[in-house]
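Heads up, the thing below is written out as structure tokens.
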Amino acid sequence: MTILGCIADDFTGASDLAGLLARSGVQVSLRLGIPETPPKNTAPIEVIALKCRTSPVDDAIQDCMAAFHWLKQAGAERFYWKYCSTFDSTNQGNIGPVAEALMAALKTTQTIYCPAFPENGRSIFMGNLFVGEDLLHESPMKDHPLTPMRDSNLMRLLEAQVTTSVGLANRLTVAKGVEALQEQLHALEKEGVAHVIVDAVADQDLNIIAEACRDMPLITGGSALAMPLPDLYKADGILAEDAPQMVIPETDDAAIVLSGSCSAMTRQQVAAFKPDHPSYQLSPQDLINDGVDQAIAWLKSQDMTTTPMIYATAEPKDVQEAQDQFGTAQAGAMVENAMAQLAKTAFDLGYRRFVVAGGETSGAVAQALGITSVTIGPEITPGVPWVYAEKQGQPFQLALKSGNFGQDDFFTDALTP
Ligand code: ADP
């Protein structure tokens, strides 16, 4: 029976949330997209990953409500709407409109908004969101291609997205503790404030907020605020002490690294892994000339015990050259299709541990392997858990890393028992 139902607006964000919830040891299941079949044998915590961060508002609401109904059918009475810790959204939405739709369905008059993730440098003070020491609108997020964040004030950002009033529970209240925060929320509710931004600058603040708000039918935020919830539910007796725990299935050892991310951190990780493992570089130029067959032949010729790496990871000037030559979308799609085919080949060859770098690359690999749901295992690094899936009765495991996550030795760390 599911206790907590979570809806996330993108894939790697969902896996980040699921990983933090699984730190409690409770079984967490992650569904990729809205499940096609009704819920059966669901986990105590279910996360549905959607791809609706920048969809048109009506589409985002429709997807989120479909996810909500599935989770409700699974037994959930408490819900978590997860978005990015940098509040990535446009003036139209989708954070506010989805929250309002969920509130209406739950007949609840108030929810909170707390994207803070202190461990990753995201904090909120007096309603303003900081990335490290910079205000959001002075951070690199100001230039994001899809959701440029040009204001750091969460109240102003949210006001543009919702139909009723927005308020603030500031750090001074949070620092006073659980009761003071609950009183402030009740006072705001009496004034008709439905949407409350809550300040948090440290993990301790998140613990206070989660405890104060644990009985709200809907909580909204980044992934970090959800972390204390499983233990609070256990203390309240909502989640049984003997609730199903994380299960780590036995998988065969053979491992492969597939890297399609070109971020600075991934470039360092590829460079660190390369000297000790056979590697093969894919490029859009080679793919257009020779297709993927050469890479497949290379993969087939490898000794599976050596943990080969196939990477398209390249320096910005090389990526730019390929994008100028083929177009950004086309260059990306060529690499993603090749990674998808290579992942399938690797599975057929018997590889059962996949370390994949890149958000879009992860999506392409997961799709190629026919994965619709995974269970969450232990975290390798904050925000990147091992996830377990099954194909043709064969268990296998994946680490799906978004570009900038992890340290230099991430690939080796992930694969070292
Ligand atoms: P990240 O998480 O770092 O953003 P993604 O996988 O989401 O990584 O995005 C990287 C994109 O860049 C993918 O679409 C991938 O196919 C594309 N790509 C990878 N290597 C190259 C390359 N050498 N030239 C052009 N595009 C590339």
Long-range amide H partners of Ala116, meaning residues 5 or more apart or on another chain whose placed amide H is closer than 5 Å, are Gly222
Loop-resident sites, region 67-144, for GluC sites (Glu not before Pro), counting at most 11 other Cβ within 10 Å (DSSP): Glu133
GNM of the chain, Cα pairs under 10 angstrom: of Leu168, Leu225, Leu287, the biggest fluctuation goes to Leu287
Consider a paramagnetic label point 7 Å from the Cα of Thr147 along Cα→Cβ; state which residues of region 98-114 have an amide N under 12 Å from it. 98
Could you work out the helix-only [θ] at 222 nm for the chain, with each DSSP H run of four or more residues adding -39,500 (n - 2.57) and the total divided by the number of residues, to the nearest 500 deg cm²/dmol? -11500 deg cm²/dmol
Answer with one residue from Gly25, Pro39, Gly13: the one whose Cα lies farthest towards the positive end of the charge dipole of region 1-128, charges on Cβ with Lys, Arg +1 and Asp, Glu -1. Gly25
Computed over all unlike Cα pairs, the Kirkwood hydrodynamic radius of the chain in Å stands at 22.1
Taking all protein chains as present, what is the carbon and sulfur share of the accessible area of the chain, in % to the nearest whole number, probe 1.4 Å? 48
Where Thr90, Thr220 fall by accessible area, highest first, once all protein chains stay in place (1.4 Å): Thr90, Thr220
I want to make sure I understand the PRE zone here: with the label point 7 angstrom from the Cα of Ala240 toward its beta carbon, which residues in region 1-16 have backbone N atoms less than 17 Å away? 1-4
Accessible-area ranking of Phe79, Phe405, largest first, probe 1.4 Å: Phe405, Phe79
Residue-normalised accessible area of the chain, expressed per residue, 1.4 Å probe, Å²: 42
What's the FRET efficiency of Ile248 with Thr163 using the Cβ-Cβ distance as r and R₀ = 45 Å, to the nearest 0.05? 0.50
Measuring from label point to label point, each 7 Å out along Cα→Cβ, what is the Thr412 to Asp59 span in nm? 4.3
For the chain, modelled as a Gaussian network with Cα springs under 10 Å, which listed residue fluctuates most, Ile124, Ile296, Ile34? Ile296
At 1.4 Å probe size, put Asp10, Asp16 in order of accessible surface, largest to smallest. Asp10, Asp16
Quick check: pseudo-label points 7 Å beyond the Cα along Cα→Cβ at Lys107 and Gln73, how many nm apart are they? 2.2
Vicinal HN-Hα couplings computed from phi for region 182-198 (Karplus, 6.51 cos²θ - 1.76 cosθ + 1.60; Hz; Gly/Pro x): 4, 4, 5, 5, 5, 4, 5, 4, 4, 7, x, 7, 8, 10, 10, 6, 10
So what's the angle, to the nearest 10 degrees on a 0 to 90 scale, between helix 316-326 and the longest Cα principal axis of the chain? 80
If one takes the longest principal axis of the Cα atoms in the chain, at what angle in degrees, from 0 to 90 and to the nearest 10, does the Cα axis of helix 11-22 lie? 70
Can you give me the angle between helix 328-349 and the longest principal axis of the chain, using Cα atoms only, in degrees from 0 to 90, rounded to the nearest 10? 70
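The values are calculated or read from the model by the stated rules, or taken from the named source; none is laboratory data. As the structure is a computational prediction, the values presented were derived from the model and not from experiment. Don't worry about glycine lacking a Cβ; one is built from the backbone with ideal geometry, like all the others, and counts go over all protein chains shown. Quick note on the areas: whole protein, heavy atoms, side chains included, nothing else; ligands and nucleic acids left out. Shrake-Rupley method; radii C 1.70, N 1.55, O 1.52, S 1.80 Å.
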